[in-house]
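One structure below.
The values are calculated or read from the model by the stated rules, or taken from the named source; none is laboratory data. Predicted, not measured: the structure shown is a model, and the values here were computed from it. Quick reminder, even Gly has a Cβ in these numbers, built from the backbone with ideal geometry, and neighbours come from all protein chains shown.
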Amino acid sequence: ILNVEQSPQSLHVQEGDSTNFTCSFPSSNFYALHWYRWETAKSPEALFVMTLNGDEKKKGRISATLNTKEGYSYLYIKGSQPEDSATYLCAFRRYGGSQGNLIFGKGTKLSVKP
Amino acid sequence: EPEVTQTPSHQVTQMGQEVILRCVPISNHLYFYWYRQILGQKVEFLVSFYNNEISEKSEIFDDQFSVERPDGSNFTLKIRSTKLEDSAMYFCASSGWSVAGNTIYFGEGSWLTVV
């Protein structure tokens, strides 16, 4: 059974803190890893799609790295702001599955206090 | 910015009733998907749809479920005879091309409560 784990489950930080969290996924049959930012009552917002080992992607204060050989990805947020409060989901796509067949982690819920 | 839209946002239905959840994917997208999230659990893949047919479905997507693209814009998920355990948030999503680095765009979800 393919499993994707995210840690920590939740995180509380102060405004201005930098933070990071982890997504672990199967290291075999890797095809792509997706990161989403999901605020309550809104649609999950695509942050990154990562495909190559060693990939680093950046969007404003958020960046992500990918290690497909050991099966993990880190998401970093620099100088957290209250508007960064959301659940961050990662989703693994295996080689041979259709594009939409994503296996999701449970998410890391980030709360940023002003 | 183009977005995936879903209706209804929330539906309460009696057990055994049929439910249709509707989605309007992003207009130039070719691949369409449904996912669900039972409260407190992970988001789970249900089905992929391309070129008017199902390209992949999960074990969850049994005979009670069906999908359809009745016209050029809508994409629907039908649950034939709802069960209590079908209560979940159902997400529609779409993407343009089937390549590794392609983004999948999600709607806001339809929350289904079966009573």
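Here's the yes/no breakdown for (1) aromatic (Phe, Trp, Tyr); (2) at pLDDT 95 or above; (3) part of a strand (DSSP E or B):
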| site | (1), (2), (3) |
| --- | --- |
| A:TYR36 | yes, yes, yes |
| A:ALA41 | no, no, no |
| A:LEU47 | no, yes, yes |
| A:GLY54 | no, yes, no |
| A:ALA64 | no, yes, yes |
| A:GLU83 | no, yes, no |
| A:LEU89 | no, yes, yes |
| A:SER98 | no, no, no |
| A:VAL112 | no, yes, yes |
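Which of the following residues is on the phi > 0 side of the Ramachandran plot and within 14 Å of chain B (Cβ to nearest Cβ): A:GLY60, A:GLY96? On inspection, the qualifying residue turns out to be A:GLY96.
Across segment B:9-48, the qualifying residues are those that are in contact (Cβ under 8 Å) with a residue 24 or more places away in the chain, hydroxyl-bearing (Ser, Thr, Tyr) and buried (at least 19 other Cβ atoms within 10 Å of the Cβ), and the one among them that is farthest from B:THR103 (Cα to Cα) is B:TYR35. The test for being without any contact (Cβ under 8 Å) to a residue 40 or more places away in the chain, assigned to a loop (DSSP other than H, G, I, E, B) and not small (Gly, Ala, Ser) holds for B:THR103. If you filter segment B:21-37 down to residues that are of a type in the set (A, V, I, L, M) and over 10 Å from the mean Cα position of the chain (by Cα), you find that the one that is farthest from B:GLY96 (Cα to Cα) is B:VAL24.
Condition check ((1) surrounded by 17 or more Cβ atoms within 10 Å (Cβ to Cβ); (2) within 24 Å of B:GLN17 (Cα to Cα); (3) more than 11 Å from the chain's Cα centre (by Cα); (4) more than 9 Å from chain A (Cβ to nearest Cβ)) across all residues:
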{"site": "B:TYR50", "(1), (2), (3), (4)": "yes, no, yes, no"}
{"site": "B:PHE61", "(1), (2), (3), (4)": "yes, yes, no, yes"}
{"site": "B:VAL67", "(1), (2), (3), (4)": "yes, yes, no, yes"}
{"site": "B:GLY72", "(1), (2), (3), (4)": "no, no, yes, yes"}
{"site": "B:SER81", "(1), (2), (3), (4)": "no, yes, yes, yes"}
{"site": "B:SER87", "(1), (2), (3), (4)": "yes, yes, yes, yes"}
{"site": "B:CYS92", "(1), (2), (3), (4)": "yes, yes, no, yes"}
{"site": "B:GLY101", "(1), (2), (3), (4)": "no, no, yes, no"}
{"site": "B:PHE106", "(1), (2), (3), (4)": "yes, no, no, no"}
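Against the list (1) touching a Leu at 6+ places or on another chain (Cβ under 7 Å); (2) crowded, with 17+ Cβ neighbours inside 10 Å, the condition A:ARG94 fails is (2).
Per-residue answers, yes or no, for (1) out of contact with any Lys or Arg (no Cβ under 7 Å at 6 or more places or on another chain); (2) closer than 25 Å to A:PRO114 by Cα; (3) without any contact (Cβ under 8 Å) to a residue 40 or more places away in the chain:
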| position | (1), (2), (3) |
| --- | --- |
| A:VAL4 | yes, no, no |
| A:SER7 | yes, yes, no |
| A:GLN14 | no, yes, no |
| A:SER43 | yes, yes, yes |
| A:ASP55 | yes, no, yes |
| A:LYS59 | yes, yes, yes |
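The set of residues in segment B:18-48 that are more than 12 Å from chain A (Cβ to nearest Cβ) and polar (S, T, N, Q) comprises B:SER27, B:ASN28. Just one of the listed residues (A:SER10, A:SER73, A:SER18) is away from every other protein chain (no Cβ under 14 Å) and farther than 25 Å from B:ALA93 by Cα, namely A:SER18.
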